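Engineer: Please see the structure below; I have some questions.
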Amino acid sequence: FNPTWLAIVMLLTAAALPVRTQASTPSIVISEIAWAGSSISSSDEWIELTNVSDAALDLSGWTLKGAGSSGKDLVLPEASMIEPQTTYLITNYEHAHANTALATEPDFVTATLSVSNDGFDISLFDAGGILIDRAGGTGAPFAGGSGSTGSSADGRYRSMVRVDGLGDGTLVQSWTDADTSQGFIDGVEDYGTPGIVLFGSMTMEQETVEPVAEETG
């Protein structure tokens, strides 16, 4: 029996296990999602990230899984900086495109953006593959609606807005329907606040759950 050899084997075994660490509230959260598009185009989808910290952060190489067409990941481009207490807006269309309802200029435009309306599960990973935040689960979106399908009582398109920005994004009570309209072009009455730091109000008792960070692969 060789204690030194046993110690080496134990260290190698531990190194092969997936790394999971308890994370505090993430500095970047998925704050708002227009999964149904807009009243101008159902393809006019957008995702908003918010920096809830007091420091500027570099999102270059960060990845959104579950938000791309045909199962593709969305990888944020180089020089994707986000200032403290501001947003990073990802859209399907360029600013002032005929098919977008947004008056806010996006930070990243990609035709690959496509959010599922049933298998809704979006995860945000940093450049090192660490899970930072997550929105949804495996079913339908927790909130928001498409005016064209009658899922909105008043016929308006509504984005899905994070409640307070601090709760577990995999819980339905962490999300609510947008109930205000800012950041849209004149004449558009959709509800949402693209590119504006404005979290939803808590509408029900929220369970406090520490998000878990993990490495991919």
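Read the figures in this text as sums done on the coordinates, not as results from a lab. Everything numeric here is computed off the predicted structure, so don't read it as measured data. Cβ coordinates were reconstructed from backbone atoms using ideal geometry, including for glycine residues, and neighbour counts include every protein chain displayed.
Engineer: Peptides 86-98, 41-53, 176-188: what's the order by average Cβ count within 10 Å, highest mean first? Working shown, then result.
Structural biologist: On the way: 86-98: 18.0, 41-53: 21.6, 176-188: 16.1.
Top of the packing list down: 41-53, 86-98, 176-188.
Engineer: Now for a different question. Once you order the gyration tensor axes a ≥ b ≥ c over the Cα atoms, which shape class does segment 83-163 get: rounded for a/c under 1.5, otherwise prolate or oblate by comparing a/b with b/c? Let's see the in-between values first.
Structural biologist: Working: a/c = 1.81, a/b = 1.15, b/c = 1.58.
Oblate is the answer for segment 83-163, as a/c is 1.5 or above yet b/c matches or exceeds a/b.
Engineer: Additional query: What shape does segment 67-107 have by the C-alpha gyration tensor, where a ≥ b ≥ c are the square roots of the eigenvalues, rounded means a/c under 1.5, and otherwise prolate means a/b greater than b/c and oblate the rest? Intermediate results must be reported in sequence, preceding the final value.
Structural biologist: Details: a/c = 2.23, a/b = 1.03, b/c = 2.17.
Cα axes put segment 67-107 in the oblate bin.
Engineer: At a threshold of 8 angstrom on Cα-Cα distance, excluding pairs fewer than six apart, so keeping six or more, what relative contact order does segment 67-149 reach in percent? Don't skip to the end; give the middle numbers.
Structural biologist: Working: 101 pairs, mean separation 19.7, N = 83.
Worked out over segment 67-149, it gives 24 percent.
Engineer: Under the 0.36 nm per residue contour assumption, what length would be gained going from the current alpha-carbon distance of SER70 and ILE185 to full extension? Walk me through the numbers before you get to the answer.
Structural biologist: On the way: separation 115, 0.36 × 115 = 41.40 nm, distance 3.01 nm.
Taking 0.36 nm per residue and subtracting the Cα distance, the gain is 38.4 nm.
Engineer: Per 0.36 nm of contour for each residue apart, how much would the distance between ALA127 and GLU94 grow if the chain were fully extended, relative to their Cα-Cα spacing?
Structural biologist: Values: separation 33, 0.36 × 33 = 11.88 nm, distance 2.49 nm.
Extra length from ALA127 to GLU94 when fully extended: 9.4 nm.
Engineer: Using amide H atoms built in the peptide plane, which far-off residues or other-chain residues are under 5 Å from VAL163 H to H?
Structural biologist: HN-HN under 5 Å from VAL163: TRP175, THR176, GLY200.
Engineer: Quick one: if the Förster radius is 30 Å, what FRET efficiency do SER43 and LEU166 give, using the C-beta to C-beta distance and rounding to 0.05?
Structural biologist: Working: r = 31 Å, r/R0 = 1.04.
It comes out at approximately 0.45.
Engineer: Okay, moving on. Run the paramagnetic zone check for ASP154: 7 angstrom along Cα to Cβ, then residues of segment 79-116 with backbone nitrogen under 20 Å.
Structural biologist: Those under the cut-off are 101-103.
Engineer: While we're looking at this one, here's another question. What spacing in nm lies between the two simple spin-label points modelled at ALA111 and ASP54, each 7 Å away from Cα in the Cβ direction?
Structural biologist: 4.5 nm
Engineer: With a/c under 1.5 counting as rounded, go ahead and sort segment 27-130 into rounded, prolate or oblate using the C-alpha gyration tensor (a ≥ b ≥ c being the square roots of the eigenvalues; past the cut-off, prolate if a/b is larger than b/c, else oblate). Show your work: numbers first, answer last.
Structural biologist: Working: a/c = 1.81, a/b = 1.31, b/c = 1.39.
It is oblate, given that a/c is not under 1.5 and a/b is not larger than b/c.
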